[in-house]
């Protein structure tokens, strides 16, 4: 009875803490492993804003009154360093808190002190099939997209941190999403967040 009361008190404390804390969660991972979907589900559970490269680029275009073509031209000409601009915007979000950064953008701030860094991965064929279905493209095209993304993200982490993007020491947890529903993955992360602060 006493143990059950202790668990209930812990849960009540976590719910209260959950409302007043400003969480920051990074969900970097492989293209097609479900970073966006998991982040959206987790964001609803924890009432956190979700951002990624696509949303940030839309913000840059809107606030800068640029077309995507103009932004691409400025990037290719070297007039702006898009990666640095995206990183700066992500850091602004981190300073405000209550945010989940997912996908490629999360790799840009792996060296920052946040609540959790969760790497999502899956086997190549799972990711190829998912990208083909999500984008409505042929499997060969999806396979090329996955290959290019893996090369890009691997190179990014190597350049920024001198480590392999698959190095487990960069993350708090690595989750294989191939055999899990995204709802279950989001719940694993939510539980990890709860357990982290109950432990403290």
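Observations
- Near-label residues of region 88-116 by backbone N, under 13 Å of a point 7 Å along Cα→Cβ of residue 21: 98-99, 114-116
- Over region 103-160, the Kirkwood radius and the radius of gyration, each from Cα atoms, give a ratio Rg/Rh of 1.05.
- Summed over qualifying helices (DSSP H, 4 residues or more, each -39500 (n - 2.57)) and divided by its residue number, the chain shows a 222 nm mean residue ellipticity of -20000 deg cm²/dmol.
- Cβ crowding within 10 Å ranks 96, 83 as 96, 83, fewest other Cβ atoms first.
- C-alpha long axis of helix 35-46 to longest principal axis of the chain, angle in °: 40
- The stretch between residue 137 and residue 196, if pulled fully straight at 0.36 nm per residue, gains 17.2 nm over its current Cα-Cα span.
- Considering all different alpha carbon pairs of region 35-154, the Kirkwood hydrodynamic radius works out to 16.0 Å.
No value in this document is a laboratory result; all are computed from the given coordinates. Note that this is a predicted model, so its numbers are computed, not measured. With ideal geometry, Cβ positions are generated from the backbone for all residues, glycine too; neighbour counts draw on all protein chains shown.
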